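Input: a single structure, listed below in structure tokens.
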Amino acid sequence: MTTTDDTASSTEFGLTFELSPSDAVRADAEREAILSDPGFGKHFTDHMVSVRWTLDDGWHAARVHPYGPLQLDPAASVLHYAQEIFEGMKAYRHADGSIWSFRPEANARRLQRSARRLALPELATEDFVESVRQLVRVDSAWVPSAPETSLYLRPFMIASEGFLGVRAAQQVDYHVIASPAGAYFSGGVSPVSIWLTTNYARAGKGGTGAAKTGGNYASSLLPQQEAYANGCQQVLFLDSSESAYIEELGGMNVVLVYADGTLVTPDSDSILEGITRDSILELAEARGHRVERRRVSIDEWREGVESGQIVEVFACGTAAVVVPIAELKGEGLHIGSPAAEGGPLTMSLREELTDIQYGRRPDTHGWMTRLDA
Ligand SMILES: *Cc1c(COP(=O)(O)O)cnc(C)c1O
């Protein structure tokens, strides 16, 4: 069932989801209280999706059921060998009440690429999109409507076979959970300070850097603490072999803007290819900007900012969309200024993308998929 072609998914699809409604659905008043100040990743909706895969039967037992703890064999290989992958996407409520997702097929294809790298089974694109649609339909009241809020969706896949031998699991579970998310920036978009770690790498050549897998995050937590200790909100990683080229942040991609309007972003096989970055670059290209995906050294960044050739730098990812980078700090390194404001191109690309996502501007790229009809 595995394929090597990026655009193809597993050959079979067409799961039927069985619904067991929760008998403990939160009352309207309680839900509204949560939706008025949801924060991020703290509250979950009333239901979740589960689908099982076994070597013998493939994907089966697709269900939407009450949200709650998983029952997991203590020998499940995810707990010991970290055979796990995930996705992150959002459901957006438009002004007319309808609910939409942004490029869900791209998330499905990325989950398939991650599955191949982690020796997990692939879930067909159609089944992936349907799993998200099923959950959003039953929990549609949890999609907030205040500006820049959303329902964050977290599909994930874990090796649940109870077996301590080291090999790809023969039983795997796929789940989707959903969590209302408040506006990432409540008082206007504020630029961040970034810490450049030279003590740790995020991913190595031939490793799992291009897969969305928990292990990459586990290894970023210590350098992230280093960033906090140095007064920064995020950590930037360099390539692991030469420690000279920019990779990405712990969970966001990086883009540099040149004075001539060119956008430059690192190309590396140990970077997670963000759908936000891809979309932002497509919007910029449509406006006539040149886009370069190539190796970018830390020296290029420093010299470019010093000479005035690099005029804006930003990070991007689903959770925060686009975040201006005010300064980059590291051992013996300081680029930019903490007082720097978000650049004009950064802010207008952010606005164009969120306008499309929230239905405030026509979706000329065919990126939006309706979930509630
Ligand atoms: C998810 C993720 C991103 C951003 O991807 P989006 O599709 O834009 O949300 C960037 N880097 C890493 C390591 C990630 O896990």
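Computed from the coordinates by the stated procedures, all read-outs in this text should not be read as laboratory data. Being a predicted model, the structure only gives us computed values, none of them experimental. Backbone-built Cβ (ideal geometry, glycine too); neighbour counts: all protein chains shown.
How far is the Cα center of region 86-160 from the Cα center of region 336-373, in Å?
Each part's Cα centre sits 19 Å from the other's.
To make sure I understand, if each residue's beta carbon is the centre and we count other beta carbons within 10 Å, what order do Phe237, Phe17, Phe185, Phe86 fall in, fewest to most?
By the 10 Å Cβ count, ascending, the order reads Phe185, Phe86, Phe17, Phe237.
Calculate log10 I(q)/I(0) of region 284-373 for q = 0.13, 0.16 Å⁻¹, where I(q) comes from the Debye formula with a single equal point scatterer on each Cα and nothing for solvent.
Taking Cα atoms of region 284-373 as identical point scatterers yields -0.57, -0.80.
I want to verify a result. In a Gaussian network model of the chain, Cα cutoff 10 Å, which of these has the top mean-square fluctuation: Gly250, Gly231, Gly343?
Result: Gly231 has the largest fluctuation of those listed.
Which length gain, in nm to one decimal place, applies between Asp278 and Ala168 when the Cα-Cα distance is subtracted from 0.36 nm times their residue separation?
Working it through step by step, the gained length comes to 36.5 nm.
Within region 224-292, which GluC sites (Glu not before Pro) sit in a loop by DSSP and count at most 11 neighbouring Cβ atoms inside 10 Å?
For GluC sites (Glu not before Pro) across region 224-292 that sit outside H, G, I, E and B with at most 11 neighbouring Cβ atoms in 10 Å, the list reads Glu242.
Quick one: Debye curve from the alpha-carbon atoms of the chain only, equal weights, vacuum; give me log10 I(q)/I(0) at q = 0.08, 0.14, 0.15 Å⁻¹ to two decimals.
-0.42, -1.29, -1.44
What's the longest bit of the chain with no exposed trypsin sites (Lys or Arg not before Pro), using DSSP loop states and at most 15 other Cβ atoms within 10 Å as the test?
Between exposed loop sites, the widest span is 43-166.
Based on the alpha carbon coordinates of region 113-226, what radius of gyration and maximum Cα-Cα distance (Dmax) apply, in Å?
For region 113-226, the Cα-based Rg and Dmax read 18.1, 51 Å.
For each of Thr318, Thr45, count neighbouring Cβ atoms within 10 Å of the residue's Cβ, then give the residues from fewest to most.
Thr318, Thr45
Given region 38-148, what whole percent of its Cα pairs are spread farther than 25 Å?
Numbers: 1743 of 6105 pairs.
In whole percent, the share of Cα-Cα pairs in region 38-148 beyond 25 Å is 29.
Pull out the extension gain between Arg295 and His80, defined as 0.36 nm times the separation in residues minus the alpha carbon to alpha carbon distance; nm, one decimal.
Residue separation times 0.36 nm, minus the Cα-Cα distance, leaves 73.9 nm.
Kyte-Doolittle cut-off -1.0, length cut-off 18 Å along the helix's own axis using Cα: show which whole DSSP H helices in the chain pass.
Values: long enough: 104-117 (20 Å, -1.87); 125-138 (20 Å, -0.08); 344-357 (20 Å, -0.32).
The qualifying helices are 125-138, 344-357.
Rounded to two decimals, what is the ratio between the C-alpha radius of gyration of region 192-357 and 2.2 N^0.38 Å?
For region 192-357, the normalised Cα radius of gyration comes out at 0.96.
Order these by the 10 Å Cβ neighbour count, fewest first: Ser190, Ser160.
Ranked by crowding around the Cβ, least crowded first: Ser190, Ser160.
Just the ratio, please: alpha-carbon radius of gyration of region 243-306 over 2.2 N^0.38 Å, N its number of residues.
After normalising by residue count via 2.2 N^0.38 Å, the value is 1.09.
Can you list residues whose amide H is under 5 Å from Gly58's amide H, if they're 5+ apart or on another chain and H is modeled 1.01 Å from N?
none
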